[in-house]
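Presented below is the structure to which this report refers.
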Amino acid sequence: QVQLVESGGGLVQPGGSLRLSCAVSGSIFSIYDMRWYRRAPGKQRELVATITNGGSTNYADSVKGRFTISRDNAKNTMYLQMDSLGPEDTAVYYCYADIKAFITGSLRGYWGQGTQVTVSS
């Protein structure tokens, strides 16, 4: 069983910062690409940032220069440092990872349960 658990969401004032974490646990053989998505009220899900297992990163234009994605492969954990937050960043943030599990031996995508980020004064 593979699980992804996000943490670090909450309420923050405009201009503030938050750091999200996504911890992967279970019978893991290897973790490949990891991503952060978000879904704002009334909007479609948006890909926020991607990081490969080699550390290459890519960002949505809407967060470029404000958000930083990173990962600690030794801890099977991914992070999203979010700075200069604005009301437009309010959303549920989900982590996603392509994982090959020991039990199945197959590569598939796994999702976390989501964490709420609210930017408001």
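Could you give the nm distance between label points at GLN1 and ASP61, where each point is 7 Å from its Cα heading toward the beta carbon?
Output for this residue pair reads 4.3 nm.
If the only charges are +1 at each Lys and Arg Cβ and -1 at each Asp and Glu Cβ, what is the size of the charge dipole of the chain around the Cα centre, to the nearest 20 debye?
Its charge dipole is roughly 180 debye.
For the range 27-121, what does the relative contact order come out to in percent, with C-alpha contacts under 8 Å and a separation of six or more?
31 percent.
Among MET78, ILE28, TYR94, which residue has its Cα positioned farthest towards the positive end of the charge dipole of the chain, with +1 placed on the Cβ of Lys and Arg, -1 on the Cβ of Asp and Glu, and the dipole taken about the Cα centre?
ILE28
Quick one: putting +1 on the C-beta of Lys and Arg, -1 on the C-beta of Asp and Glu, what dipole do you get for the range 46-87 around its Cα centre, in Debye to the nearest 20?
Working: 4 positive and 4 negative charges, 23 e Å.
Approximately 100 debye in magnitude.
In the range 2-81, what percent of the accessible surface is made up of carbon and sulfur (1.4 Å probe, ligands and nucleic acids excluded)?
45
Where in the range 91-117 does the label zone of LEU11 land, with the point 7 angstrom along Cα→C-beta and an amide N cut-off under 13 Å?
Inside the label zone: 117.
Once you place label points 7 Å from the Cα toward the Cβ at SER120 and PHE29, how far apart are they in nm?
Each label point lies 7 Å from its Cα, and together they span 4.6 nm.
Under 5 Å between amide H atoms, partner at least 5 residues away or on a different chain: which partners does THR90 have, H built in plane at 1.01 Å?
VAL119
Give the peptides 86-98, 46-58 in descending order of average Cβ contacts within 10 Å, highest first.
Averaged packing, sorted descending, gives the order 86-98, 46-58.
From a point 7 Å beyond the Cα of TRP111 in the direction of its Cβ, which residues of the range 37-59 have a backbone N at a distance under 17 Å?
Only 37-49 pass the distance filter.
What whole-number value in Å² describes the accessible area per residue of the chain for a 1.4 Å probe?
52
The values are calculated or read from the model by the stated rules, or taken from the named source; none is laboratory data. No experiment lies behind these values; they were computed from the predicted model shown. With ideal geometry, Cβ positions are generated from the backbone for all residues, glycine too; neighbour counts draw on all protein chains shown. Calculation scope for accessible area: heavy atoms of the full protein, side chains included, ligands and nucleic acids excluded. Shrake-Rupley method; radii C 1.70, N 1.55, O 1.52, S 1.80 Å.
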